[in-house]
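Below is one structure; the comments refer to it alone.
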Amino acid sequence: MSANSSEPTAGLTVVLVKGGRTKIRYPAELLHDDGTRIAVRAPWAGAGVRDFGFVRFEPGDVFTEYFWRDRWYAVKEVRAGDGTVKGWYCDITRPAVRTGAELVVEDLDLDLWRSADGGDVRRLDEDEFAASGLTEADPGAASAAVAALDTLEALARADGFAGLLA
């Protein structure tokens with residue numbers, strides 16, 4: 001199967017890379033791959049609970065994750081174990097690369113959160129992004145990352161990703 005195949009397989013391993021190192025690897029169910037957008041579903045892959053203050057990710061949560069081969073972000077719908085939508089966590093990334101049963105995504109430090117009711121839209125980790133050195137090392141990538149964050153914030157405030165994820 002080619003890297004851009006639209007034929008689904010039973011599963012993928014999502015590999016999140018940050019700063020040249022693998023941050024986390026986790027199994028996911030492939031829902032769809034149309035050659036541009038890849039959708040997977042996976043349980044919360046973190047160890048225990050991660051409390052951000054505005055949302056808690058915890059065992060039992062389920063993430064439906066959307067990655068693009070031509071966009072600089074990933075959007076993850078977060079549901080509690082009972083199916084209630086908690087919100088959407090968005091990572092600013094380089095475009096995703098799928099090779100067979102592995103999906104590699106490079107995290108660029110910027111993130112966005114949108115609560116289920118849309119009342120809380122917040123940009124995250126801008127300090128980490130500034131400290132990463134990407135602006136100096138790869139100005140084009142840094143510019144694309146900031147533009148992607150701006151785009152996602154506008155979508156989050158307008159329609160809550162309805163058009164993007166349809």
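The values are calculated or read from the model by the stated rules, or taken from the named source; none is laboratory data. Every value quoted in this text rests on a predicted model; they were computed, and no experiment measured them. Please note: Cβ atoms are built from the backbone with ideal geometry, for glycine as well, and neighbour counts cover all protein chains shown. Just so you know, the surface numbers come from the protein's heavy atoms only, side chains and all, with ligands and any DNA or RNA stripped out. Shrake-Rupley method; radii C 1.70, N 1.55, O 1.52, S 1.80 Å.
Filtering 158, 116 for residues that are surrounded by 11 or more Cβ atoms within 10 Å (Cβ to Cβ), touching a Gly at 6+ places or on another chain (Cβ under 7 Å) and either of a type outside the set (A, V, I, L, M) or farther than 18 Å from residue 95 by Cβ (or both) leaves a single hit, 116.
Residues that are among the charged types (D, E, K, R) and part of a strand (DSSP E or B) were ranked within the stretch 85-106; the one that is farthest from residue 66 (Cα to Cα) is 86. The lone criterion from (1) at pLDDT below 95; (2) more than 22 Å from residue 152 (Cβ to Cβ) left unmet by residue 13 is number (1). For first residues located in the stretch 113-126 and touching a residue at least 24 places away in the same chain (Cβ under 8 Å) and assigned to a loop (DSSP other than H, G, I, E, B), partners that are open to solvent by 50 Å² or more (accessible area, probe 1.4 Å) and among the hydrophobic types (A, V, I, L, M, F, W, C) and lie 6+ apart or on another chain with Cβ distances below 9 Å form the pairs 120/54. Selection of the stretch 31-44 for residues being open to solvent by 10 Å² or more (accessible area, probe 1.4 Å) and either in a strand (DSSP E or B) or in contact with a Pro (Cβ under 7 Å, 6 or more places away or on another chain) (or both) yields 31, 32, 37, 41, 43, 44.
Considering the conditions (1) open to solvent by 20 Å² or more (accessible area, probe 1.4 Å); (2) in a strand (DSSP E or B); (3) more than 25 Å from residue 125 (Cα to Cα), residue 25 is excluded by exactly one of them, (3). The set of residues in the stretch 47-79 that are without any contact (Cβ under 8 Å) to a residue 60 or more places away in the chain, assigned to a loop (DSSP other than H, G, I, E, B) and either open to solvent by 40 Å² or more (accessible area, probe 1.4 Å) or under 15 Å from residue 114 (Cα atoms) (or both) comprises 47, 49, 53, 58, 59, 60, 70. When residue 84 is tested against (1) β-branched (Val, Ile, Thr); (2) open to solvent by less than 50 Å² (accessible area, probe 1.4 Å); (3) over 17 Å from residue 149 (Cα atoms), exactly one condition is not met: (2).
Look at (1) open to solvent by 50 Å² or more (accessible area, probe 1.4 Å); (2) under 27 Å from residue 33 (Cβ atoms); (3) modelled with pLDDT of 95 or more; (4) charged (D, E, K, R) and you find that residue 126 fails only one, number (2).
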